[in-house]
Amino acid sequence: MSKILEIKNISKKFIKSIDLSSKFINFFGDFYREEIIHAVDNVSFDVMSGEVVGVVGESGCGKSTLGRMVSGILPITSGKVDFKGEHYCGFEGTSYKTDINLNLKIQMIFQDPFSSLNPRQKIIDIISEAPLHHDLITKKNKKSFVEDILKKVGLGSDVIERYPHQFSGGQRQRIGIARALAVSPDLIVCDESIAALDVSIQAQVINLFLKLREDFNLTYLFISHDIGVIQHIADKVVVMYLGQVVESASVKEIFSKPNHPYTQALLEGVPTLDTKRKVYTPIKGEIPSPLDPPTGCYFHPRCKFSTKKCIEEKPLFSEISPGHFSACHLNKN
Ligand code: SF4
């Protein structure tokens, strides 16, 4: 497999500027400062062609911000992303997303299928808008093109004249998938794309993603807070905590030999047939504020193995076995 996406040390900072009244108070002394949120902090990993890479972590860990940067929706504060060997997007101020053909090859599917579809547009127009705009299809073949794409996602041609509100959540998400497929992408970033669906529908949409992967030779960056979902769809897993990657490995390795205490804690919450009688112990405490992250290892306030070293020193993200990386002071090498 060749490398399709290379994420190199990307970070995203959001700066909360001080308002006018604070500036006025600062005139009499230095009381207020800008607040900086490190939403994503120096993240690097590769995605191989045809692979499904699952990005997992609690809400607020920066996984959606990462997905938006990879999709080119959000500019990067530092670092860079190479897509198919070409510079795709870089930090603010540099030219990024200049090649429209390259841009179309990365598409994003969002969490809420209702708010991501224009309620005033018919399905035929939602799906054909981008390919028409970029001259990938003509007005003449628009109808047959849309019918064909809808068939691929399991919807009939009778839906093309309807509006988004006339569909269930699962059907709307299929329409969102069809819209993404309409520009023939190579990589799809799925941001919590099944989180808003009922569990039974989730399974159908996961199966659809896997089928489309085969049919269209797709690569997915699959973002989810649910590590159980990641287990079913991903080949490789990237675990994020407070904007940083704390562990990455193949799905088999993560589920059989989780190394980082945070990954272990996430896995304890996954129900299995063997452990269904086990009492679930949630991870203690809340994810800290990225405005004021803890010292040393960011996970130390919640980690049951935390030591003095963990409070003082940031652990290195190192390879503990071939292809398995983890950032913990308990690592043997
Ligand atoms: Fe826990 Fe320390 Fe490892 Fe962080 S470095 S995960 S606090 S044991």
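The values are calculated or read from the model by the stated rules, or taken from the named source; none is laboratory data. If you're wondering where the values come from, they're calculated on a predicted model, not measured in any experiment. Quick reminder, even Gly has a Cβ in these numbers, built from the backbone with ideal geometry, and neighbours come from all protein chains shown. What goes into the accessible areas is simple: the full protein's heavy atoms, side chains included, and nothing from ligands, DNA or RNA. Shrake-Rupley method; radii C 1.70, N 1.55, O 1.52, S 1.80 Å.
Of note:
- Taking chymotrypsin sites (Phe, Trp or Tyr not before Pro) as exposed when DSSP calls them loop and at most 11 other C-beta atoms lie within 10 angstrom, the chain has its longest site-free stretch at 32-279.
- For the chain, adding -39500 (n - 2.57) for each run of n ≥ 4 DSSP H residues and dividing by the number of residues yields -8500 deg cm²/dmol at 222 nm.
- If R0 equals 22 Å, the separation of the Cβ atoms of residue 143 and residue 166 corresponds to a calculated FRET efficiency of about 0.75.
- Length available on full extension from residue 151 to residue 252: 0.36 nm per residue minus the Cα-Cα distance, which gives 33.0 nm.
- Zone residues, segment 44-71, relative to residue 9, backbone N less than 17 Å from point 7 Å out along Cα-to-Cβ: 44-46
- In this simple spin-label model, placing a label point 7 Å from the Cα along the Cα-to-Cβ direction at both residue 308 and residue 101 gives a separation of 6.2 nm.
- Heavy-atom accessible surface of the chain: percent carbon and sulfur, 1.4 Å: 53
- Dipole of the chain [Lys/Arg +1, Asp/Glu -1 at C-beta], most positive-end residue of 233, 315, 102: 233
- Point-to-point label distance, residue 16-residue 122, nm (Cα→Cβ direction, 7 Å offset): 4.7
- For segment 126-209, applying the loop criterion from DSSP together with a ceiling of 11 other beta carbons within 10 Å to the GluC sites (Glu not before Pro) yields 161.
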